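Working notes for the structure below.
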Amino acid sequence: MLFAEELAKHHPQLPEIGLELLTLGAPAITETLALTARYAGPGVSLNDLMTLALARQERCPVLTGDRVLRRIAGDEGVAVMGRLWLMERLVAGEVIGIGEAEAAYARMRAGGRRLPWDQVQRQIDRLGGGDF
């Protein structure tokens, strides 16, 4: 559901390159309902809360740039990673090259994404790229 509603339109290739689509078990569904009772309100979607429950189920971090989800995950003791962490892992794992990372960041910047651009430049420098 999360993939279909949030990623499939713009990133349909993700399952082909390794994104594993998982199912919420009954305990995670129950947890989603409990999280909904605690955090219902503006800026919190059901998908956000299912993401958090799935991360707990799978014992993995949440990957998001969403400020509200980051706060709730922190409140719930779930680790959160963001775009810089993901880019670091993709380059380090040789899934993409530094040039592809730079191009992706350029598209993010052109699209008005809010990132710590000074940290992005330091990351690119550390990974062997040029001026961003």
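Residues of the stretch 36-52 that are outside any loop (DSSP other than H, G, I, E, B), closer than 18 Å to LEU63 by Cα and over 15 Å from the mean Cα position of the chain (by Cα): LEU46 alone.
Okay, residues lined up against (1) in contact with a Ser or Thr (Cβ under 8 Å, 6 or more places away or on another chain); (2) more than 30 Å from PRO27 (Cα to Cα); (3) outside the structural domain of HIS10 (by TED's automatic domain parsing):
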site	(1), (2), (3)
MET50	yes, no, no
ALA53	yes, no, no
ARG71	no, no, no
VAL95	no, yes, yes
GLY99	no, yes, yes
MET108	no, yes, yes
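A single member of GLY65, GLY99, GLY112 is loosely packed, with under 15 Cβ neighbours inside 10 Å, modelled with pLDDT under 95, assigned to a loop (DSSP other than H, G, I, E, B) and not acidic (Asp, Glu), and it is GLY112. Evaluation of LEU63 against the conditions (1) at positive phi; (2) touching a strand residue (DSSP E or B) at 6+ places or on another chain (Cβ under 6 Å) shows that the sole unmet condition is (1). Restricting GLU88, GLU31 to residues that are out of contact with any helix residue (DSSP H, G or I) (no Cβ under 6 Å at 6 or more places or on another chain), assigned to a helix (DSSP H, G or I) and of a type in the set (D, E, K, R) narrows the list to GLU88. From the list GLY65, GLY25, GLY77, the one residue that fits, being over 25 Å from PRO116 (Cα atoms) and either among the β-branched types (Val, Ile, Thr) or not assigned by TED's automatic domain parsing to the domain that holds ALA104 (or both), is GLY25. Among the residues making up the stretch 74-96, a single one is over 21 Å from LEU19 (Cα atoms) and surrounded by 15 or more Cβ atoms within 10 Å (Cβ to Cβ): GLU76.
The values are calculated or read from the model by the stated rules, or taken from the named source; none is laboratory data. Values in this document were obtained by computation on a predicted structure and should not be read as measured data. When we count neighbours, we look across all protein chains shown, and the Cβ atoms used for this are built from the backbone with ideal geometry, even at glycine.
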